[in-house]
Every structure is written in C-alpha cells, then in structure tokens.
Amino acid sequence: MNKYVLGIDGMGCGACEAHVKNVVRKKINVKKIKASHTKNLLVVFSEADLKEDDFHKILDPTGYEITSFERLDAVKSLFGWR
C-alpha cells in the first residue's frame, strides 16, 4: 500500500476539499483519502504505483496547484491506514 502526501494550493473551504477528493476518486482506485484546506494537504492511500505527474494530470485542469509531493509506504494499524 502506498501513501501519497501532496501539498495543494487553492483549497479555501470544505467544498474545495470535497471537490479535490471526488476528482481524485474518479481517476484513481483509492483505499482512503483525506483533504484539509487549513493545512493545504491531500493524503491518498492506494495500491496503485503513482508518480507526481499522474496527480498533475488529474488536478491541474481543476485549478488547484500541487506544491509538494511525497510517496511513502503506508502502514496498517489497528484503526486503519497511516
């Protein structure tokens, strides 16, 4: 399982968070996804092996800007993925 942590610029409210999550869900099979407009973060858990360019293709047309990208190995814990 992979964990992708992206810095996202342009999210200003909860509706923006929902929009970003929905756009990503339509293109990537995700296990879990979290977005925060206050932290400017998007966290995606997926079995897919993705690159930063894959996220650019998905999010650039929406007007949100990716400011950082990090891929980590996700760890299964008692309460879900982290």
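The value of relative contact order for the chain, using C-alpha pairs under 8 Å at least six residues apart, is 45 percent.
Counting only alpha carbon atoms, the long axis of helix 14-27 and the longest principal axis of the chain meet at about 60°. For the range 1-80, the list of GluC sites (Glu not before Pro) that fall in a loop by DSSP and count at most 15 other C-beta atoms within 10 angstrom reads Glu47.
On a per residue basis, the chain carries 61 Å² of accessible surface, using protein heavy atoms and a 1.4 Å probe. Treating each Cα of the chain as an identical point scatterer and summing with the Debye formula, the log10 of I(q)/I(0) at q = 0.21 Å⁻¹ comes to -0.94.
The values are calculated or read from the model by the stated rules, or taken from the named source; none is laboratory data. Note that the structure is a prediction, hence the values are computed from the model and not measured. In this analysis, Cβ positions are derived from the backbone assuming ideal geometry, glycine residues included, and neighbour counts consider all displayed protein chains. Accessible surface areas use protein heavy atoms only, side chains included; no ligands, DNA or RNA. Shrake-Rupley method; radii C 1.70, N 1.55, O 1.52, S 1.80 Å.
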